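Each remark here refers to the structure printed beneath this line.
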Amino acid sequence: HMDKRLFPIPQEYFDHTIKPLIEGDYIWKGRPPTISHYHVFCAILYILRTGCPWRDLPSCYGKWHPIYLRFKRGGEKGLWWRVLMKLQQGKKVTMNIVLADSTTMKIHRHGGGAKGGPGPEVSTAPA
């Protein structure tokens with residue numbers, strides 16, 4: 001039996017409601033995927049819920065990089081918005097969307113990702 005925290009949507013519901021949207025959007029290139037759409041979708045939900053880095057995705061979903069690439073490609077095509085809209089229409093999710101404009105946020109200069117200068121000199125001479 002699957003952990004509901006890791007697989008929050010029943011497989012049957014996914015197959016009936018979400019999988020047709022994903023497969024309708026899919027253009028097969030190369031080998032068929034080795035990770036099921038269900039595992040990819042649940043992995044994406046896990047990342048969104050926990051905020052953990054892709055590299056720290058639990059191994060029960062499969063390798064993180066192919067899952068990330070499918071998330072990225074789906075995002076570029078608007079697939080995940082369509083899935084969310086379908087779920088909201090069916091009253092399965094409630095979305096609260098917050099748009100943050102980075103031009104209005106003040107951050108400390110060290111939080112901007114700028115490279116620092118050379119660090120302090122470290123002496124190896126005995127004190």
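The values are calculated or read from the model by the stated rules, or taken from the named source; none is laboratory data. As the structure is a prediction and not an experimental result, all values here were calculated from the model. Neighbour counts run over all protein chains shown; Cβ positions are idealised from the backbone, glycine included. Ligands, DNA and RNA are excluded from the accessible area calculation, which covers all protein heavy atoms including side chains. Shrake-Rupley method; radii C 1.70, N 1.55, O 1.52, S 1.80 Å.
Restricting attention to segment 3-14, the residues being outside any helix (DSSP H, G or I) and open to solvent by less than 90 Å² (accessible area, probe 1.4 Å) number 6.
Here are Thr17, Thr34, Thr50: which of them is modelled with pLDDT of 75 or more, hydroxyl-bearing (Ser, Thr, Tyr) and either open to solvent by less than 40 Å² (accessible area, probe 1.4 Å) or in contact with a Ser or Thr (Cβ under 8 Å, 6 or more places away or on another chain) (or both)? Exactly one of Thr17, Thr34, Thr50 is modelled with pLDDT of 75 or more, hydroxyl-bearing (Ser, Thr, Tyr) and either open to solvent by less than 40 Å² (accessible area, probe 1.4 Å) or in contact with a Ser or Thr (Cβ under 8 Å, 6 or more places away or on another chain) (or both), namely Thr17.
What do you reckon, is Arg70 exposed (fewer than 14 other Cβ atoms within 10 Å of the Cβ) and either in a loop (DSSP other than H, G, I, E, B) or of a type outside the set (A, V, I, L, M, F, W, C) (or both)? Judged against the criteria, Arg70 is not a match.
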